[in-house]
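> Take this structure first; my questions come after.
The values are calculated or read from the model by the stated rules, or taken from the named source; none is laboratory data. For clarity, every value in this text was computed on a predicted model and none was experimentally measured. Neighbour counts are summed over all protein chains in view; Cβ atoms, including those assigned to glycine, are modelled from backbone coordinates with ideal geometry. Calculation scope for accessible area: heavy atoms of the full protein, side chains included, ligands and nucleic acids excluded. Shrake-Rupley method; radii C 1.70, N 1.55, O 1.52, S 1.80 Å.
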Amino acid sequence: MSKPFLQVDGLSKVYPDGQGGDLTVFEDVRFALEKGEFVCIIGHSGCGKSTILNVLAGLDEASSGNVVMSGKEVKGPGLERGVVFQNYSLLPWKTTLNNIVFAVRARWPKWSKEQVREHSERYLKMVGLDHALNRKPSQLSGGMRQRVSIARAFATQPELLLLDEPFGALDALTRGVIQDELVKIWEETRQTVFMITHDVDEAILLSDRIFLMSNGPNARIAESVKVDIPHPRARATIFQNPAYHRTRDYLVDFLVNRSGSALPEKDGSPKFVEPASGDVTPASGPSESKAESAARAVNA
Amino acid sequence: MASLNVRAALLSVSFLILFLGCWEMATQPPEAQTGMTEYELLMGGADQESRVPPPSAVIKLAWAELSDPFYDAGANDKGIGIQLGYSVYRVLTGFLAAMAVALPIGFLIGMSPLMYKALNPYIQVLRPISPLAWMPLALFIIQDSDASAIFVIFICSIWPMLLNTAFGVANVRQDWVNVARTHELGPLRTAVTVILPAAAPTILTGMRISIGIAWLVIVAAEMLVGGTGIGYYVWNEWNNLDLASVIFSILMIGFVGMLLDLALGRAQKLVEYKE
Ligand SMILES: Nc1ncnc2c1ncn2[C@@H]1O[C@H](COP(=O)(O)OP(=O)(O)OP(=O)(O)O)[C@@H](O)[C@H]1O
Ligand SMILES: [Mg+2]
């Protein structure tokens, strides 16, 4: 068996609880990502999603466990991992274009000025911001800023993209538009993406698999849910697919009823479930009820 | 209705006229009195010299001085432009030297909590010392009055710059530092391309405070060391009992101070950013 692109083993994070004891936020988190996969992670607030993402980014250190990407252990941040922060984190004294140029130049220091500029403009165009090249972030709306931030991350073509609730601060309308844009860019680039979200629909629209985290403290990544809906997907049509509803029901059920008690496999890896398999594999008919499907998934 | 600016300007000018008018009236030489004492008669009638000169006299003098500001007729008789030039030169030299020291050290203690803790006690003790208190020591060690004045400027402008730089650098948003980290910028590139622009407005505020203090201190320093400069000029004219010149140079001190502040205000505008 070949090694996966990204392998996370036995990750845990312990903080002092302020009363002399320890607080284990999450423990024994194990998972693997394949090249080109889009994976979302969902879990209740405070279970440690951002911490996991920051460990993958190299911005935070785990208390134990390790992360191996392309055969190399992750220690500290690096250009092969791009991050989109929840609060955009654009440099406010630089124009839109120069924010991208800054990243592109860091990625390819040997490129000529024209090459850097041309590359940066191409990515700004992808997110529909080629008209705002010379504006400062303070002159952009929240949605536009997040687009710049996404363009910056994609422009450096990292092997792994990490997105921490990139649309959390946006209104529903803007959110939808940018989700579509993200789908489009991803179809074009097929980069490996690991993304945190609280939005079940967003997760289904974007991901190949969805990690479900149980509640903290001592949170785990309990399940890995396959989203069996073919690409390309679009927000407007995705809910016509029966697999969409099965997946959605399954996720909501987990978050509402089972997130407190769910556990991964005995070896610590997330349970792999395919809530939509009834519809996509011809072997089992479309008549299979949701409960059966869920039960089968849990036993899978 | 005239705009606010126009009305403000009109009001300013009226205040000035009113003030100059009162001043002029208050400083008229008294009518030759009948009952002059013998002493007064001996001293040449009214005691003109000990009177504050009227604004008309000051303006007349200002006109004469400003129409030839750079004449040089020996050690005690130089144009106001030359004297101000000496002072500005000392302030800028001391200020630049302070910058060269304060910015790197400010960066260091801003980025390293260890350095901050280690150096903070010294800063806290040195900072409240009046810059002029250094003068005797400076004169003794440097053995040169001009360099000592510059040293005093150096020592007084260093603190606001140092503290503001440290504060600005320490409070750069962690998000921006993380952006630098995820893009694998080295410490030097991070300092120059992220931390410096992020902290620049705070640093410039410190520099603006510094140049203001330096301009306050240079007058006093030059009164002490003598020789040249606007501070020496004021003191010299006082010794000559030429009060019109004293008043004129006071105004010039204010004017040049304003220009220095304006220049740094401009620079501050350049580095400002909105989040
Ligand atoms: N410096 C710290 N000291 C102590 N506890 C901390 C510290 N930082 C984070 N935590 C705890 O770690 C837990 C996980 O935080 P994290 O930000 O990863 O959660 P999250 O899953 O991203 O939540 P959200 O969905 O609200 O963003 C939280 O319960 C928080 O209280
Ligand atoms: Mg979070």
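> Could you go through segment B:189-205 and let me know if any residue there is at pLDDT 95 or above, more than 14 Å from chain A (Cβ to nearest Cβ) and open to solvent by 20 Å² or more (accessible area, probe 1.4 Å).
yes
> Check B:GLN143 against each of (1) farther than 18 Å from B:TYR89 by Cα; (2) at pLDDT 95 or above; (3) more than 14 Å from chain A (Cβ to nearest Cβ) and name the one condition it does not meet.
Of everything listed in (1) farther than 18 Å from B:TYR89 by Cα; (2) at pLDDT 95 or above; (3) more than 14 Å from chain A (Cβ to nearest Cβ), B:GLN143 misses just condition (2).
> Right, next: Somewhere in segment A:84-99, is a residue open to solvent by less than 10 Å² (accessible area, probe 1.4 Å) and within 16 Å of ligand 2 (Cβ to nearest atom)?
Yes, because at least one residue in segment A:84-99 is open to solvent by less than 10 Å² (accessible area, probe 1.4 Å) and within 16 Å of ligand 2 (Cβ to nearest atom).
> OK, next. Starting from residues that are of a type outside the set (Asp, Glu) and farther than 22 Å from B:GLY257 by Cα, keep the ones in segment B:66-99 and report whichever is least open to solvent (accessible area, probe 1.4 Å).
Only one residue fits best here, namely B:GLY74.
> So which residues in segment B:151-173 are open to solvent by less than 10 Å² (accessible area, probe 1.4 Å) and in contact with a Ser or Thr (Cβ under 7 Å, 6 or more places away or on another chain)?
B:SER157, B:MET161, B:GLY168
> Moving to a separate point now. Considering only residues of segment A:198-213 that are touching a Ser or Thr at 6+ places or on another chain (Cβ under 6 Å) and away from ligand 2 (no atom under 16 Å from the Cβ), which is least open to solvent (accessible area, probe 1.4 Å)?
A:ILE204
> When you scan segment A:100-116, do you find a residue that is in contact (Cβ under 8 Å) with a residue 12 or more places away in the chain and out of contact with any Ser or Thr (no Cβ under 9 Å at 6 or more places or on another chain), even just one?
Looking through segment A:100-116, at least one residue is in contact (Cβ under 8 Å) with a residue 12 or more places away in the chain and out of contact with any Ser or Thr (no Cβ under 9 Å at 6 or more places or on another chain).
> Name the residue, out of A:LYS75, A:LYS125, that is farther than 30 Å from A:TYR15 by Cβ and not acidic (Asp, Glu).
Among A:LYS75, A:LYS125, only A:LYS125 is farther than 30 Å from A:TYR15 by Cβ and not acidic (Asp, Glu).
> Then there is this: Any idea which residue in segment A:147-197 is surrounded by the most Cβ atoms within 10 Å (Cβ to Cβ), counting only those that are of a type in the set (S, T, N, Q) and away from ligand 1 (no atom under 14 Å from the Cβ)?
A:SER149
> Taking the residues in segment A:82-98 that are out of contact with any Lys or Arg (no Cβ under 7 Å at 6 or more places or on another chain) and without any contact (Cβ under 8 Å) to a residue 60 or more places away in the chain as candidates, determine which candidate is nearest to the other protein chains (Cβ to nearest Cβ).
Filtering first and then ranking leaves A:TRP93.
Matching residues to (1) within 16 Å of ligand 1 (Cβ to nearest atom); (2) acidic (Asp, Glu):
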| site | (1), (2) |
| --- | --- |
| A:GLN7 | no, no |
| A:GLU27 | yes, yes |
| A:ALA32 | no, no |
| A:GLU73 | no, yes |
| A:TYR88 | yes, no |
| A:PHE102 | no, no |
| A:ALA106 | no, no |
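> Being under 21 Å from A:VAL101 (Cβ atoms), among the small types (Gly, Ala, Ser) and more than 9 Å from every other protein chain (Cβ to nearest Cβ) is the filter here; which residues of segment B:167-188 pass it?
B:GLY186
> Kindly indicate which of B:TRP215, B:TRP238 is crowded, with 17+ Cβ neighbours inside 10 Å and assigned to a helix (DSSP H, G or I).
B:TRP215
> Here's a follow-up. If you check B:LEU114 against the conditions, is it in a helix (DSSP H, G or I), within 24 Å of B:THR228 (Cβ to Cβ), at pLDDT 95 or above and open to solvent by 60 Å² or more (accessible area, probe 1.4 Å)?
no
> Sticking with this one: Could you grab me the full set of residues in segment A:61-77 that are surrounded by fewer than 15 Cβ atoms within 10 Å (Cβ to Cβ) and within 14 Å of chain B (Cβ to nearest Cβ)?
Matches in segment A:61-77: A:GLU61, A:LYS75, A:GLY76.
> While we're on this one: Being without any contact (Cβ under 8 Å) to a residue 40 or more places away in the chain, away from chain A (no Cβ under 13 Å) and open to solvent by less than 20 Å² (accessible area, probe 1.4 Å): is that true of B:ALA138 here?
So B:ALA138 fits the description; yes.
Per-residue answers, yes or no, for (1) away from chain B (no Cβ under 11 Å); (2) within 20 Å of B:ASP175 (Cα to Cα):
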| site | (1), (2) |
| --- | --- |
| A:GLU80 | no, yes |
| A:ILE100 | yes, yes |
| A:LYS110 | yes, no |
| A:TYR123 | yes, no |
| A:ASP130 | yes, no |
| A:LYS136 | no, yes |
| A:LEU163 | yes, yes |
| A:ALA169 | yes, yes |
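> Kindly establish whether A:SER45 is open to solvent by 70 Å² or more (accessible area, probe 1.4 Å) and near ligand 1 (Cβ under 10 Å from one of its atoms).
Here the answer is yes, as A:SER45 does meet what is asked.
> Return yes or no: is A:GLU80 open to solvent by 40 Å² or more (accessible area, probe 1.4 Å) and either among the β-branched types (Val, Ile, Thr) or under 28 Å from A:CYS40 (Cα atoms) (or both)?
It is true that A:GLU80 is open to solvent by 40 Å² or more (accessible area, probe 1.4 Å) and either among the β-branched types (Val, Ile, Thr) or under 28 Å from A:CYS40 (Cα atoms) (or both).
> Now a separate question. Which of the residues spanning segment B:120-131 are in a helix (DSSP H, G or I) and closer than 21 Å to B:PHE151 by Cα?
Result: B:TYR122, B:ILE123, B:GLN124, B:VAL125, B:LEU126, B:PRO131.
> On to the next question. Taking the conditions exactly as written (away from ligand 2 (no atom under 16 Å from the Cβ), touching a residue at least 60 places away in the same chain (Cβ under 8 Å), surrounded by fewer than 22 Cβ atoms within 10 Å (Cβ to Cβ) and within 12 Å of chain B (Cβ to nearest Cβ)), does A:GLU37 satisfy them or not?
no
> Within segment A:15-49, count every residue that is within 21 Å of A:ASP201 (Cβ to Cβ) and under 13 Å from the mean Cα position of the chain (by Cα).
Qualifying residue count, segment A:15-49: 8.
> Okay, next question. Looking at B:ALA220, B:ALA267, B:ALA244, can you tell me which residue is touching a residue at least 60 places away in the same chain (Cβ under 8 Å), closer than 26 Å to A:PHE102 by Cβ, assigned to a helix (DSSP H, G or I) and away from every other protein chain (no Cβ under 14 Å)?
Answer to the check: B:ALA267.
> Hey, does segment A:226-249 have a residue that's surrounded by 16 or more Cβ atoms within 10 Å (Cβ to Cβ) and within 16 Å of ligand 2 (Cβ to nearest atom)?
Checked against the condition, which is being surrounded by 16 or more Cβ atoms within 10 Å (Cβ to Cβ) and within 16 Å of ligand 2 (Cβ to nearest atom), segment A:226-249 yields no hits at all.
> Quick one: would you say A:LEU56 is within 16 Å of ligand 2 (Cβ to nearest atom), aliphatic (A, V, I, L, M) and within 14 Å of chain B (Cβ to nearest Cβ)?
Yes; evaluated as a whole, the condition is true for this residue.
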